[in-house]
1. Please verify whether A:Ile267 is crowded, with 23+ Cβ neighbours inside 10 Å, touching an Asp or Glu at 6+ places or on another chain (Cβ under 9 Å) and in contact (Cβ under 8 Å) with a residue 40 or more places away in the chain, treating the condition exactly as stated.
2. Scan the stretch B:13-55 residue by residue and report those that are modelled with pLDDT under 60 and within 8 Å of another protein chain (Cβ to nearest Cβ).
3. Name the single residue, out of those in the stretch B:148-163 being among the aliphatic types (A, V, I, L, M) and in contact with an Asp or Glu (Cβ under 9 Å, 6 or more places away or on another chain), that is farthest from the other protein chains (Cβ to nearest Cβ).
4. Out of the residues in the stretch A:216-248 meeting the condition of being over 30 Å from the mean Cα position of the chain (by Cα) and at pLDDT 85 or above, tell me which one is surrounded by the most Cβ atoms within 10 Å (Cβ to Cβ).
5. Of (1) modelled with pLDDT of 90 or more; (2) more than 30 Å from A:Glu180 (Cβ to Cβ); (3) more than 9 Å from chain B (Cβ to nearest Cβ); (4) touching a Gly at 6+ places or on another chain (Cβ under 9 Å), A:Ala103 satisfies all except one. Which?
6. Evaluate the stretch B:88-110: report whether one residue or more is among the β-branched types (Val, Ile, Thr), modelled with pLDDT under 90 and surrounded by 15 or more Cβ atoms within 10 Å (Cβ to Cβ).
7. Going through the stretch A:235-264 one residue at a time, which ones are free of Cβ contacts under 8 Å to residues at least 40 places away in the same chain and more than 14 Å from chain B (Cβ to nearest Cβ)?
Amino acid sequence: MSNDARTDGGTVTEADPGASAGLLSGLDAYRVLLYLGLLGMLTFFLIPIESGLVTSFKTPSGVSGSLPFAPPTGGTFTFEKWRAAFDALGRGLINSALYAIPATVISALLGSFTAYGLTQSNWKQKYKAPVLALLVAGVFIPYQAVLVPLSQFWSMIPLQEWLGFLWALGINNDYASVIELIITHVAYGLPICTVLFRSYYKNMSEEMIEAARLDGASIRRIYRRIVLPLSGPMFAVVLIYQFTQIWNDLLFTLVLVQTESSAAAPIVLILAGLGTSLEGQDFALRMAGAFIAALPTLAVYIAFGEEFAEGVAT
Amino acid sequence: MTRNTDTGDDSGDAVTDGGVAEEGQRSGFSPVAALNERFGSDFVESSQFWLPPFLLVGLFVYGAIIWNLLISLTDFTGFGTPDYSDLDFQMYSRALADSGFVDAAINTFILLVGFTLVTLALGLGLAILIDRNIRFENTFRTIYLLPMSLSFVVTAQFWAWMFNFNNGVINIVITSLGLGRVDWIGNPDIVLWAVMFALMWQFAGYAMVVFLAGLRAIPNEHYEAAKVDGASTVRMYWRVIIPQLKGSTISASVVLMVFALKAFDFLYSLVGGYRPPNGADILATKMVREAYANLNWAYASAVAITLFVMTLGIVGPYLYYQYNRGNL
């Protein structure tokens with residue numbers, strides 16, 4: 001963030017004030033072209049978002065009667081679509097948070113456990129390798145390959161009966177799907193969490209752990225006293241990555257929650273059907289809805305861009 | 001055996017457990033010591049960390065894939081439960097005779113290859129631009145990577161609007177250049193390329209980040225040596241720098257291909273239903289539609305296995321390559 005703050009001063013085309021005279025005279029066609037290219041790409045990446053943002057504030061006549069990237073003018077400006085989108089999606093925001101946050105935390109913790117058990121402990125590489133290979137391969141599994149069994153599995157588990165005490169408290173029994181989503185996302189998120197933590201633990205200082213082992217510390221104690229406290233930066237990366245993945249995923253919500261009329265419908269599921277009807281498409285509503293659904297992950301990205309980049313690059 | 005130790009040391013005294021087991025070895029047979037003897041000294045003690053998650057992944061990933069394979073051999077449709085007594089490959093022959101399946105397989109392949117190539121190319125271009133010692137590097141990089149943090153469901157909304165026939169940005173730009181409007185989503189010959197373009201927009205930032213890490217790992221001397229030899233910038237990148245990005249290219253390609261195989265979320269949200277626009281049906285969308293809209297569970301499972309085998313064909317060699325380089 002400090003870097004961003006620094007860049008706020010000055011315009012992009014301005015020459016670097018710290019550059020020597022030689023460099024200044026080197027501000028030639030090449031440099032100009034370079035920045036033109038960078039700005040062109042900036043436009044390319046921002047225009048769909050900008051166009052969506054301005055459209056979400058337009059009245060229907062504004063949507064059809066003005067350029068899609070032009071801001072709304074006087075008479076065509078309205079908050080109506082944002083209000084309508086929030087009415088439709090508000091409950092989805094809460095429902096999504098109900099499973100996304102627990103699933104993120106649990107999968108990160110378990111991923112840390114797994115990576116630790118497979119990295120900082122002495123057992124034969126010959127046997128470790130297949131365990132690791134199976135976990136790493138799990139990162140790349142197309143979820144379609146497990147969907148039908150997943151539906152079968154959850155239809156066989158009598159979750160409704162087990163959670164009877166919750167329904168007795170007056171909670172809508174649609175919320176059983178929240179539990180299903182948490183366990184499902186933890187199971188399929190574990191491989192990537194393990195891979196991320198493993199790359200971190202492999203580079204962790206061996207001496208400290210060796211010393212602790214010589215002192216007779218148990219594996220569990222070493223984790224609690226040494227490895228876990230040092231895992232902070234990686235937890236940031238994994239939590240951010242996992243939260244984004246789980247919040248953004250549609251497929252599991254579609255299969256496990258099935259219908260947007262469910263009381264527990266996550267926001268992506270409601271958004272996927274928003275603003276499309278037989279009479280035509282309400283693009284202003286769809287855009288406003290898209291921004292509401294994107295707000296949590298956008299906020300996380302803007303606050304922790306570095307960690308996010310590290311997560312995707314590993 | 002391991003189960004016992006898992007639940008046995010909940011008190012947190014793993015040390016004493018291990019100690020007791022080792023002493024027990026002298027006085028008689030101890031299963032813990034026998035396991036440690038076979039697999040390594042920490043095997044049993046460390047299993048409390050990795051075994052439960054491993055079993056969870058084993059059950060949900062590998063158990064489910066085997067189960068899926070079994071279901072694909074049945075005739076399971078509609079409501080009820082599959083009948084496992086009569087197994088055959090009927091669903092696979094049905095797939096080969098289904099023109100919808102063949103089209104979806106071809107589309108999947110086109111999307112896979114086309115999307116990966118254009119995204120790699122754009123990502124590499126962005127990485128090189130960013131790496132040219134520019135100002136505001138962080139700002140540019142952050143914005144280029146931003147679409148990656150958005151849901152497919154969200155980006156599908158944006159691109160449905162971008163590709164809109166009457167008032168979408170793309171058609172406005174095209175008509176201002178003097179060309180005619182194009183029905184990007186409605187024309188079955190074009191829609192797949194439009195989808196590819198939108199996905200490229202979303203994932204080019206990812207390829208950029210991977211390439212940037214690769215570029216930064218190249219020692220400065222290589223650039224300087226090329227400069228001294230009088231090579232032009234283009235020639236330097238083409239001859240000296242890009243060949244050194246093999247590792248980055250391979251990892252980025254694999255991840256991008258897997259993303260392309262998963263493009264279901266995007267296509268579903270583009271139209272808000274199981275039936276993607278004509279000409280854009282891929283195996284991922286066909287599988288979900290057959291299962292959850294048509295209740296053809298066994299057939300959907302056979303499509304899923306096809307998709308899985310395609311993924312294995314990409315990921316298998318990659319994992320083997322990483323294993324040989326000692327990266328696993």
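The values are calculated or read from the model by the stated rules, or taken from the named source; none is laboratory data. All figures in this text were calculated on a predicted structure; none of them were measured in a lab. Here the Cβ is made from the backbone with ideal geometry for all residues, glycine too, and neighbour counts use every protein chain on show.
1. No: the conditions fail for A:Ile267.
2. Those that are modelled with pLDDT under 60 and within 8 Å of another protein chain (Cβ to nearest Cβ): B:Asp13, B:Ala14, B:Val15, B:Gly18.
3. At the first step, the residues of the stretch B:148-163 found to be among the aliphatic types (A, V, I, L, M) are B:148, B:150, B:153-154, B:156, B:160, B:162.
Those left that are additionally in contact with an Asp or Glu (Cβ under 9 Å, 6 or more places away or on another chain): B:153, B:156.
Working: B:Val153: 4, B:Ala156: 8 Å.
That would be B:Ala156.
4. A:Ile222
5. Of everything listed in (1) modelled with pLDDT of 90 or more; (2) more than 30 Å from A:Glu180 (Cβ to Cβ); (3) more than 9 Å from chain B (Cβ to nearest Cβ); (4) touching a Gly at 6+ places or on another chain (Cβ under 9 Å), A:Ala103 misses just condition (2).
6. Going through the stretch B:88-110, the residues among the β-branched types (Val, Ile, Thr) turn out to be B:102, B:106, B:108, B:110.
Applying the additional criterion that residues be modelled with pLDDT under 90 yields none.
No; the residues of the stretch B:88-110 include none that is among the β-branched types (Val, Ile, Thr), modelled with pLDDT under 90 and surrounded by 15 or more Cβ atoms within 10 Å (Cβ to Cβ).
7. Scanning the stretch A:235-264 gives a single hit, A:Ser261.
Residue-by-condition table, conditions (1) at pLDDT below 85; (2) surrounded by fewer than 20 Cβ atoms within 10 Å (Cβ to Cβ); (3) within 17 Å of the chain's Cα centre (by Cα); (4) not β-branched (Val, Ile, Thr):
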| residue | (1), (2), (3), (4) |
| --- | --- |
| B:Ala284 | no, no, yes, yes |
| B:Tyr292 | no, yes, no, yes |
| B:Ala302 | no, no, no, yes |
| B:Pro317 | no, yes, yes, yes |
| B:Gly326 | yes, yes, no, yes |
